[in-house]
Amino acid sequence: MKVILIGGEEISYHLSRMFLNRGYKVTMVNKKPEYCKYLAKKLKALIINGDGTDNKVLEQLELKNDDVFIALMPRDQDNLVACLAAREIYKIENSISLVNDPENLKVFEKIGIEKTVSPVSIMANAIFASSTVEKYIKSLLSDSSDLEIFEIEISENSKKANKQLKDIEIKEGIIGAIKRNGSTIIAKGDTYILPGDKLIIITKKEMKNSVYNIFVGES
Amino acid sequence: MPLIYILSEERNVSRNIITILEKDDNNSIKSFTEPDEILNEIRNKKPDLLFVDLKVSKGELNGISLLDKLKRYDYNFPVVVVTSLNSIEAVKKAFQYNVIDYISIPFTPDEITDIFNKAMEINKEPTYNEKIKDLKKRIEFMNAEDNKELEDQIKSLFYKNPSLPQPHYLYALFMKNKNPNIAIKNLKASLALDPNFKEARIVLDEMENNK
Amino acid sequence: MNFKNPFKKSFYYVVFGCGRLGSIIANELSAKGHSVVVIDRDENSFENLSFDFTGFTLVGEANEIEQMKEAKIEKANGVFVLTPDDNTNIMIALTVKKYFNVDNVIARVYNPKNIKTFAKHKIEIVCPTMLASNRLKKFISKGEKE
């Protein structure tokens, strides 16, 4: 099993290093001859200079169906064609594509490439999540009379660990956000509550204890 | 024989509509590029459907001002505005003038034929004025049986035309003998909406003198 | 509406790319009395259209979903994908067929090896390279017989 990285520059370089450090075999394909020379000097990966959407190049890669195929090119249509070729001609099950235009995420899904990563969407969510939660909390603190905001950390043993938000009944409060590994997530129905999560909860003052007890305490 | 007028400076707008609608030999279609021209033609002969491209703007008149003139001269036929998606503001303005729908560019043949069919359906319905005349007659000759149905028809006029005086007037006539106070209230409401409404004034004076 | 001849109905077509081939197709569709929308990222390319062309033109990136929605692609009776780039054509054709559910899609693909990518998805292809090579092969056979 090997990892194939098609295109990309910085991302491709760092991913390659990461996989090589973990002992995987890595093949990189890049259009630019100069960059390929550079990669060959710096990394112990197999470097191929060519167009990852070209069948002639793909044939050189000796693809097997347990390979991991990652498309990182700047144009979505190139990533799509490369992943389709990998799947349909070489029967690769594990292909992942970078998607630059978030509008194309649903298109990729419809066409059958389900594993996609959209940096634009991730950045946008991060920006909106952090600013929204901050604004929200500030406004509540300034004019709340009977509302209380507090944080609960979910332990391994918590009754509600590893459950989805929609399966947790909280009648007297809402989970505004979840702090996890240094980033903030706006909790939605299908978000899982994981051990180690810090939940930011808003309730009425008199309901604080009963909401607290929903999460704390053993299953 | 449906008569259709198109006002547009863009050849592709008018040509497309003509090509689509002329497939039915019964249709007669004329296209114009100048608002003044089309206004004259409308005075000569009213169309069964008018397409107005909101981008038109020659001389003093543009698409919206044409609609304004049509309203003031009380021309009452279906109007459809044609617009590009960037001018939603213009479309909103147009809807203040009682257009039946809008079509955005690029448009498909089906969109045009659907709107044409809708316009022909609307043309078959009696006009507002015809409805008023008809209801007034029925009130004059009404008997106990059709009271409820008459009342419903008058009420539906209220809903559809809340700022017009005639529904209040009709309701007053309907209630004249049953409940004079309500009738007077409605006549006054009618006159509040249009102080020059002669028929309402006459009936109100008559009722107040009889008190 | 009563169509005297129901087969004279106007259809709605979308053409991606207004180069040599795109403009020929667009002109043909317009001349036949159909409604056409042509999309190209370069507005100068519309100069390839004939004087009698009465369709609509849109300037924009052909492979963007927003652009396709503006062209009302979901209402198209047929779609021609004729940009100069194979991968772009493949993605547009698949998007139109699978995401917008338009059945009649035909795309130009220069590289014969790319034809395999389409095979499974039932998208019609015109491959100029293959058409030319078939024609040339006939020419060669003709020469050999003489």
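Please give the helix B:198-210 orientation as an angle from the longest Cα principal axis of chain B, in degrees from 0 to 90, rounded to the nearest 10. That helix lies at roughly 10 degrees to the long axis. The amide H of A:I47, built 1.01 Å from its N in the peptide plane, has A:M28 as neighbours under 5 Å, considering only residues 5 or more places off or on other chains. Amide H contacts for A:A177 (H built 1.01 Å from N in the peptide plane; partners 5 or more residues away or on another chain; cut-off under 5 Å): A:A187, A:I200. What separates the Cα centres of the range C:13-78 and the range C:87-125 is a distance of 18 Å. Each of A:A86, C:Y110, A:P195 was scored by the projection of its Cα onto the charge dipole of the protein assembly as shown, and the greatest displacement toward the positive side belongs to A:A86; charges sit on the C-beta of Lys, Arg, Asp and Glu. In a DSSP loop and with at most 10 other Cβ atoms within 10 Å, there are no GluC sites (Glu not before Pro) in the range C:1-88.
Placing unit charges on the Cβ atoms of the charged side chains and taking the dipole of the range A:2-117 about its Cα centre, the candidate lying farthest along the positive direction among A:G8, A:A40, A:N65 is A:A40.
Given R₀ = 22 Å, what would the calculated FRET efficiency be for B:E22 paired with C:S50, taking r from the Cβ atoms and rounding to 0.05?
Working: r = 21 Å, r/R0 = 0.95.
The pair B:E22/C:S50 has a calculated efficiency of 0.60.
Based on the alpha-carbon gyration tensor of the range B:128-210 and its eigenvalue square roots a ≥ b ≥ c, which shape applies: rounded if a/c is under 1.5, prolate if not and a/b is larger than b/c, or oblate?
oblate
When the range B:128-210 is described by a simple charge dipole with +1 on each Lys and Arg Cβ and -1 on each Asp and Glu Cβ, the residue from B:L173, B:N143, B:A192 located farthest towards its positive end is B:A192.
Here the Gaussian network model covers chain B, with springs between Cα atoms less than 10 Å apart; of B:Y169, B:Y159, B:Y75, B:Y159 fluctuates the most. Model label points for A:M123 and A:N21, set 7 angstrom from Cα along the Cα-to-Cβ axis, are 2.4 nm apart.
In order along the range B:109-126, the Karplus-derived 3J(HN,Hα) couplings, from 6.51 cos²θ - 1.76 cosθ + 1.60 at θ = phi - 60°, round to x, 4, 4, 5, 5, 4, 5, 4, 4, 4, 5, 5, 4, 4, 5, 6, 5, x Hz, and Gly and Pro are given as x.
What shape does the range A:2-117 take by its C-alpha gyration tensor, where a ≥ b ≥ c are the square roots of the eigenvalues and a/c under 1.5 counts as rounded, a/b above b/c as prolate, and the rest as oblate? Show your work: numbers first, answer last.
Numbers: a/c = 1.60, a/b = 1.45, b/c = 1.10.
Taking the square roots of the gyration eigenvalues as a ≥ b ≥ c, the range A:2-117 is prolate.
Would you mind calculating the relative contact order of chain A from Cα pairs under 8 angstrom and at least 6 residues apart, reporting the percent as a whole number?
That works out to 14 percent.
Measuring r between the beta carbons of C:E28 and B:Y97 and using R0 = 45 Å, the FRET efficiency lands at 0.70.
With respect to the cross-link table entries A:K106/A:K163; A:K166/C:K98; A:K32/A:K110; A:K160/A:K208; B:K92/C:K75, which display a Cα-Cα separation exceeding 20 Å? Walk me through the numbers before you get to the answer.
Values: A:K106/A:K163 27 Å; A:K166/C:K98 31 Å; A:K32/A:K110 32 Å; A:K160/A:K208 17 Å; B:K92/C:K75 25 Å.
Table pairs above 20 Å Cα-Cα are A:K106/A:K163; A:K166/C:K98; A:K32/A:K110; B:K92/C:K75.
Helical runs assigned H by DSSP (4 residues or longer) give chain C a calculated mean residue ellipticity at 222 nm of -10000 deg cm²/dmol, each run adding -39500 (n - 2.57) before division by the residue total. Counting only DSSP H runs of at least 4 residues, each contributing -39500 (n - 2.57), and dividing by the residue count of chain A, the helix-based mean residue ellipticity at 222 nm comes to -11500 deg cm²/dmol. The 3J(HN,Hα) values that the Karplus relation (6.51, -1.76, 1.60; θ = phi - 60°) gives for the range C:58-71 are, in residue order, 10, 9, x, 7, 4, 8, 8, 4, 4, 5, 5, 5, 5, 7 Hz. Gly and Pro appear as x. With Cα atoms defining each centre, the range A:169-219 and the range A:1-16 are spaced 38 Å apart in the structure.
Hydrophobic, long helices, defined as DSSP H runs whose alpha-carbon span along the helix axis is 15 Å or greater and whose mean Kyte-Doolittle value is at least -1.0, occur in chain C at C:20-31, C:128-145.
Would you please classify the overall shape of chain A from the alpha carbon gyration tensor, given that a ≥ b ≥ c denote the square roots of the eigenvalues, rounded means a/c under 1.5, and beyond that prolate means a/b larger than b/c while oblate covers the rest?
prolate
Evaluated with a Cβ-only charge set (Lys, Arg +1; Asp, Glu -1), the range B:128-210 carries a dipole of roughly 160 debye about its Cα centre, given to the nearest 20.
Using unit Cβ charges (K, R positive; D, E negative) and no other charged atoms, how large, in debye to the nearest 20, is the dipole of the range A:1-80 about its Cα centre?
Values: 13 positive and 11 negative charges, 97 e Å.
Here the size comes out at about 460 debye.
Overall, the protein assembly as shown carries a charge dipole of about 1060 debye about its Cα centre when +1 sits on the Cβ of Lys and Arg and -1 on the Cβ of Asp and Glu, all other atoms neutral.
Coordinate-derived values only; no laboratory data. In this text the structure is predicted, and so the values were computed from the model without any measurement. Note that we place each Cβ from the backbone using ideal geometry, even for glycine, and neighbour counts take in every protein chain shown.
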